[in-house]
1. Considering only the range A:95-113, state which residues are open to solvent by less than 50 Å² (accessible area, probe 1.4 Å) and more than 18 Å from the chain's Cα centre (by Cα).
2. Against the conditions (1) under 20 Å from residue B:26 (Cβ atoms); (2) open to solvent by less than 10 Å² (accessible area, probe 1.4 Å), where does residue B:531 fall short? Just the number, please.
3. I need the full set of residues from the range B:509-521 which are within 13 Å of another protein chain (Cβ to nearest Cβ) and touching a helix residue (DSSP H, G or I) at 6+ places or on another chain (Cβ under 7 Å), in order please.
4. Could you please find all residues in the range B:176-225 being in contact with a helix residue (DSSP H, G or I) (Cβ under 6 Å, 6 or more places away or on another chain) and without any contact (Cβ under 8 Å) to a residue 40 or more places away in the chain?
5. When residue B:338 is evaluated against the numbered criteria (1) modelled with pLDDT under 95; (2) open to solvent by less than 30 Å² (accessible area, probe 1.4 Å); (3) in contact with a strand residue (DSSP E or B) (Cβ under 8 Å, 6 or more places away or on another chain), which criterion, by number, is the only one it fails?
6. Considering only helices (runs of 4 or more DSSP H) fully contained in the range A:436-520, which possess at least 1 residues that are in contact with a Gly (Cβ under 7 Å, 6 or more places away or on another chain)?
7. From A:345, A:392, A:362, grab the single residue that is away from chain B (no Cβ under 14 Å) and under 24 Å from residue A:609 (Cα atoms).
8. Considering only strands (runs of 3 or more DSSP E) fully contained in the range A:218-265, which possess at least 2 residues that are open to solvent by less than 10 Å² (accessible area, probe 1.4 Å) and closer than 29 Å to residue B:635 by Cβ?
Protein chains: 2
Amino acid sequence: MPAKQNLVRVSEVVNPDLQKERDGASFRVDEFARWWHGGAEKLRFKRELEQELFNDMTEHSTLLHYKSYEEICELALKQSFTLARKLRAIQQRINPGGNDIWPKLFSSTLVWGATPAGNPFLVQFAMVVDAIKMQGNKEQWERFGKRVENFEITTTYAQTELGHGTFLRGLETRADYDRTTQEFVLNTPTLSAYKWWPGGLGHCCNYCLLVAQLYIDNEPKGVQMFFVQVRDEETHMPLPGIDIGEIGHKMGFHGANNGFLGFKNVRIPRTNMMMRNAKVQPDGTFVKSPASVLTYFTMVMMRCMIASDNALVLAIAATIATRYSAVRRQSPINPNEPEPQIIDHVTQQMKLFPEIATAVAHQLATKSLWSIYHETYGDIERGNYTRLPELHNLACSLKALCTADANAGAERLRLACGGHGYLSSANLHMFVASAAAACTYEGENTVLLLQVGRFLMKSWRAAREAEPLAPTASYLAAPAQGKGFGKWTGDLANIVSAIQYAAANQVRLAFENMAQRLKQGQTREEAANNTGLELTQAAELHGRSFIAATFLAHVTGPAAAERSAEFNRVLQNLLELYLVHTAQRHLSAIMQCISLSDSDLRTLQTRLETALKKLRPDAVAIVDGFDYHDRLLSSTLGSYAGNVYESLFELAKQSPLNQQPVPKSFHTILKPFLKSNL
Amino acid sequence: MPAKQNLVRVSEVVNPDLQKERDGASFRVDEFARWWHGGAEKLRFKRELEQELFNDMTEHSTLLHYKSYEEICELALKQSFTLARKLRAIQQRINPGGNDIWPKLFSSTLVWGATPAGNPFLVQFAMVVDAIKMQGNKEQWERFGKRVENFEITTTYAQTELGHGTFLRGLETRADYDRTTQEFVLNTPTLSAYKWWPGGLGHCCNYCLLVAQLYIDNEPKGVQMFFVQVRDEETHMPLPGIDIGEIGHKMGFHGANNGFLGFKNVRIPRTNMMMRNAKVQPDGTFVKSPASVLTYFTMVMMRCMIASDNALVLAIAATIATRYSAVRRQSPINPNEPEPQIIDHVTQQMKLFPEIATAVAHQLATKSLWSIYHETYGDIERGNYTRLPELHNLACSLKALCTADANAGAERLRLACGGHGYLSSANLHMFVASAAAACTYEGENTVLLLQVGRFLMKSWRAAREAEPLAPTASYLAAPAQGKGFGKWTGDLANIVSAIQYAAANQVRLAFENMAQRLKQGQTREEAANNTGLELTQAAELHGRSFIAATFLAHVTGPAAAERSAEFNRVLQNLLELYLVHTAQRHLSAIMQCISLSDSDLRTLQTRLETALKKLRPDAVAIVDGFDYHDRLLSSTLGSYAGNVYESLFELAKQSPLNQQPVPKSFHTILKPFLKSNL
């Protein structure tokens, strides 16, 4: 039985409609939960961790919306530090000297519930520590890396500028080497060169890892990283020449304290440039980095993390909307019967179940992505870089698809909750906002898909010449050699093949259009820009092919033998829904290269409806199986006990406006106006 | 030259990139603006009105995000009253005794900029005044209708309950007639019966128009309207038996003061039930309403209004994102050239231009909807109700499509602005939030589409029997009689026919599936529920058919002769993009009944890309032609002058966190933690 926590003072007794759903499920929820969280031991640990992290939290996170901006930022500090302390203590207790709990879990989605106001130090522990390890030399690690790791100083990663995002070479912040003093002189030459966005930079950090253009004797030497102090450790005052502050209110992440930063002749020692790879010698000699692979690797890791985080975001939103749909009753199906649970409306099932299936598909795909990541990491340590482009491109496409689907999917789920989904206490809008941010940070999605598109162009060329392909692009081989699809049968493996074949066909179209444009005399870059739509479409289908194939392999592969028959049936139903729905979603791409009869199309629609019907009795149990803690959901609509109306009402009463029967504004504004005879 | 207003203290000089766009446009922006706003006179008046409403507003609306909830609600009161006073004064000056300015414009999208904190009295003037006129008798109009109209008292329309939304008959609030005292006794029998959502109800209204179940001698007599006092006029204290307050923080409309309301044996005089139609006589005799058409009509009017408001929302979001895309430079197309305006990337054009074209299509469709509304209103006054079902269903489908497209489209446009689109000062998220609310209020979109689906089933039956059809459903006649589509040629009229034919085919599929389910022994209602997906798909395509046909008729119809050749070319480009894009969006539905060759599909893609290219030089001028005031956009990314980075920076500096270099929390939280050796 999962540990749950009622966040509002209402009955803990489970809503009878939800209890009925749980009693009626065809499988054991705990088997699902163990599977979802990677085994019994991990599930047990996760639940204990939640207990420890959340047990002393008393306030519902929706009350944050009534706090002032300053209060939210203060709370973010407090909650982040409490979380750090707790994780550190658990690490000491369970596995002293390890780092699997602290700092690893500090940036994990599972502990989000502990920092509802935001965590300004996510970047420090998700990126900066690793970056100093990988980019700095030993002396630098000793001098400041350890202080960062020990949380003695606070840092962030300052790359993005007001006028410059994804295109790294466009950055304008300068670091000019002055060999007379052996210092770099930092400058922000224009307004658009101001650093802008780094989490925690506003008022929480006293150092940062700065990305700037290195100049020696006014000659550009490319982008390098510098460790820079920005505030005094004792007084926290910005150091001379430093213009620093907070970038203002955002859609979400209200307490993340994203900052801006400008430099005016700020000097730092030569030894503050990260010098494990590229180097500047005291006399100003520049030594190029032997390989830029490792920089690149942190970025790949971040994208893997974002992809899997957003699989979870979708699963969280689906949990809230599905539970609510079992509790809410609306619009009779038969006029003389009472209003049914809205989950009985087929149109509502269509809003919920495909998102559940997608969340499962994305979870499996990102798990598979992490496996490839670890394999590739091992390869690289052995000096083998072969699979790196594949990993990089897979991470790009899954980052783009998982975030875009989580953003749009969570919004569909929010809308599926009707008016109440609009209330902040439903908390769905915050998950939408979280996924929305992930669509643009760490590589804007379209830019990432264009990169994948270029990879696919190379792969197609290789495939046509029967050269070896990356395993995840191997489905291109047959179509590139002119092999037709064969026949649409509609069985599951056939649908996966059809999606792959449609992906290959989009790749072919993009390739041919590129070739034609080159023939017309366009440069390669112009041709690529003009083929942008086809390239992104091909990249999207490439990603979906991977997700579909992974899902199929998982459900039908050898691991099935370790699962109960009941549970396998549930997974099969989810797979069926995912594949049929994905095929329908990309039907026009499929029908451009595979012939489907009118009856095939009708069969697809019937299968979709059948899949919805089959999932109906298990829907609540499935989202229970995700096993997300009430504190993570933080939703009046989605808590485990499901006392929705009581929770909405109790929270409404906590609105500051409801603390007195008549607001002051009645006397000062409303009454004078009404008496004034407009 | 439109009156613009720089909302941030930055240069008023137009950004050279924007100026270049304006100089390079192929048509006169003022011609577009006159067309968009309904003629030179209306445009002139709109600009004057903006001048008068906005000239004394000094603060950027993004600063609202830093105010407390109470301050926002106070400001909403102040701003609403200022707006009312100004409109009333303008009405007196220009057309005394009329109502075309006050109160008509009080709830118009064009004046939104005057009440950025929200307007708690929208419902009073958009609905309650009319409802009392239509549902109340003369005595009631004299007794309280006039007081409402004169803003001597404040009201709202209280229908939705915590547990009950779209399904009116499910409402639980009771009004029991007590003939001994000639009073109704109001009660809220359960928690789910609490009124929940009415705008302004929380703390702004002292009366409300209540929708409740009438009971006489415990016999239900259906839903009726009652005028009920909820607060004392002098003290504003809730009256005895009344439990009233505010429902809490929401995604948007922060100052709208949406409220809850419960009754415990609250007594109101018999004469407070709206008695123009249904009546309760002193002895308790119930007289049924002769026709419920007029109630119905207010609802239709609200949906027409929501549809056209949301066409504007999409146009506003497109304005912001398009201007930003001309200012922002990112990612070189050719490696040795500077970073281009992002509007030069084809993938960016694909994010912007279809939304612009859709906004134009929706504007034309909703104008046409209003014409049908006024015709039908005239018909009804002459006792002819023939076109009412058609109007009702057209309003339902356009309300659903215009809000859903505005919600998703504004979010796409927000994402098209990259990271900066996530900043609250971009203001795009507030337009997304506004459209998001419109998807569920005044009839949840799926419920509305299901209603349209039922209308289409009836129409299909009529079409098969060669009975007369509503003009907007007449395209069903030929397919229902078994006539094939003919040939796909891809010319504009042919695409519109194809969309209509695909709509008809979806209607046929839904009809046949319904029939089959009925044959299987399902009740009509069960069959309708199980056919929900097909019905909503059919309804969506029906709406798109109307929009596409209206756009085509406008561009190619006789009105073209009144426009310059240059302007007509722009409209043709927009129409081409809209139709090609709509055809692609519904390609699978089209290909289920119309045969398109591989080359037809390629041609469509080429046309899409050509249309984007043709619109590129005019994009900024087109959104300038929408002529939305800076105060309405209220966006750092989208102002007319386009000094984006300066505006972002200036506004960031106004964040409360930036008012001192070191926040208090450094001393109380951050420093103690860092010194504590975690």
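The values are calculated or read from the model by the stated rules, or taken from the named source; none is laboratory data. Because the structure is predicted, anything quoted here is derived from the model rather than measured. As a convention, Cβ positions derive from the backbone with ideal geometry for all residues, glycine included, and neighbour counts pool all protein chains shown. To get the accessible areas, we keep the full protein, side chains included, count just its heavy atoms, and leave off ligands, DNA and RNA. Shrake-Rupley method; radii C 1.70, N 1.55, O 1.52, S 1.80 Å.
1. Listed by number, the residues that qualify are A:98, A:101, A:102, A:103.
2. Result: residue B:531 fails condition (1) only.
3. Residues satisfying the conditions are B:509, B:510, B:513, B:514, B:517.
4. If the condition is that a residue be in contact with a helix residue (DSSP H, G or I) (Cβ under 6 Å, 6 or more places away or on another chain) and without any contact (Cβ under 8 Å) to a residue 40 or more places away in the chain, then B:191, B:192 are the ones that fit.
5. Here residue B:338 clears every test but (2).
6. Correct list: A:445-464, A:492-519.
7. The match here is A:362.
8. Strands (runs of 3 or more DSSP E) meeting the threshold: A:242-246, A:259-263.
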